Amino acid sequence: MKSGRFLAREAQPGELILTVVAGKLETIKRAETGEIVIQNIMLNSSAERYVVDGKKFPSRYEATGEVFILEGVSWGEYLAKGIIEAIQVTETTAWHDASTAWMETHSDEPFAIIAPWGEEMVVQEGDWIARPILADLSVPTLSDIYRIEATTFKQTYAPFTSEDAARRLRISAKA
């Protein structure tokens with residue numbers, strides 16, 4: 001389950017968002033209408049910036065009501081609440097293939113996946129391959145996979161407990 005505090009604002013169509021993690025360029029995304037730019041503000045984090053589809057944003061982040069000015073732009077503060085299914089890449093690991101399910105690969109060499117936004121992401125040993133889980137705990141699509149760098153995963157994700165599941169299912173049943 002994603003955890004922590006983040007800043008968010010509406011993306012400007014055509015705006016170029018560079019996601020830099022641990023000093024390395026991870027992805028480049030040209031923002032589209034309706035997308036949201038997220039900025040990680042957790043202490044000791046990689047402080048990455050990335051884009052989320054505006055329709056998916058409410059299920060993954062909850063507003064605190066705080067507003068901050070960063071680089072002359074107004075950002076709202078949000079708490080992460082998204083749930084993912086993830087597996088850490090090892091020399092022999094199972095990973096997700098969009099056409100089937102989790103499959104096995106035997107390689108200690110980096111490999112690439114295509115993220116949902118069309119950008120190639122290089123996956124290395126120790127990284128995590130993830131896909132979102134919906135509020136009702138269903139998986140939206142088998143093709144919605146992406147990479148999470150190992151340190152970023154450790155800093156911004158926490159185990160999803162049975163108490164979390166019960167709370168999510170109660171909230172989903174009320175909606």
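Before moving on, here are some points about what is shown:
- Residues in region 1-52 that are touching a residue at least 40 places away in the same chain (Cβ under 8 Å) and of a type in the set (Ser, Thr, Tyr): Ser3, Thr27, Ser45, Ser46.
- Residue in region 20-36 that is within 28 Å of Glu163 (Cα to Cα) and at pLDDT 95 or above present: no
- Considering the conditions (1) more than 17 Å from the chain's Cα centre (by Cα); (2) at pLDDT 85 or above; (3) farther than 22 Å from Val21 by Cα, Ala94 is excluded by exactly one of them, (2).
- Selection from region 4-29 of residues that are within 19 Å of Gly82 (Cα to Cα) and either aliphatic (A, V, I, L, M) or exposed (fewer than 14 other Cβ atoms within 10 Å of the Cβ) (or both): Leu7, Ala8
- Flag if Ile28 is in contact with a Phe, Trp or Tyr (Cβ under 7 Å, 6 or more places away or on another chain) and at negative phi: no
- Considering Pro140, Pro159, the condition of being modelled with pLDDT under 80, more than 15 Å from Ile87 (Cα to Cα), exposed (fewer than 15 other Cβ atoms within 10 Å of the Cβ) and not assigned by TED's automatic domain parsing to the domain that holds Ser59 is satisfied by Pro140 alone.
- Applying the condition of being crowded, with 17+ Cβ neighbours inside 10 Å and more than 22 Å from Asp53 (Cα to Cα) to region 109-137 and asking which residue is modelled with the lowest pLDDT yields Val123.
- Here Ala11 clears all of (1) at pLDDT 85 or above; (2) among the aliphatic types (A, V, I, L, M); (3) out of contact with any strand residue (DSSP E or B) (no Cβ under 9 Å at 6 or more places or on another chain) except the condition numbered (3).
The values are calculated or read from the model by the stated rules, or taken from the named source; none is laboratory data. No experiment lies behind these values; they were computed from the predicted model shown. A quick note on method: Cβ atoms are made from the backbone with ideal geometry, for glycine too, and the neighbour counts reach across all protein chains shown.
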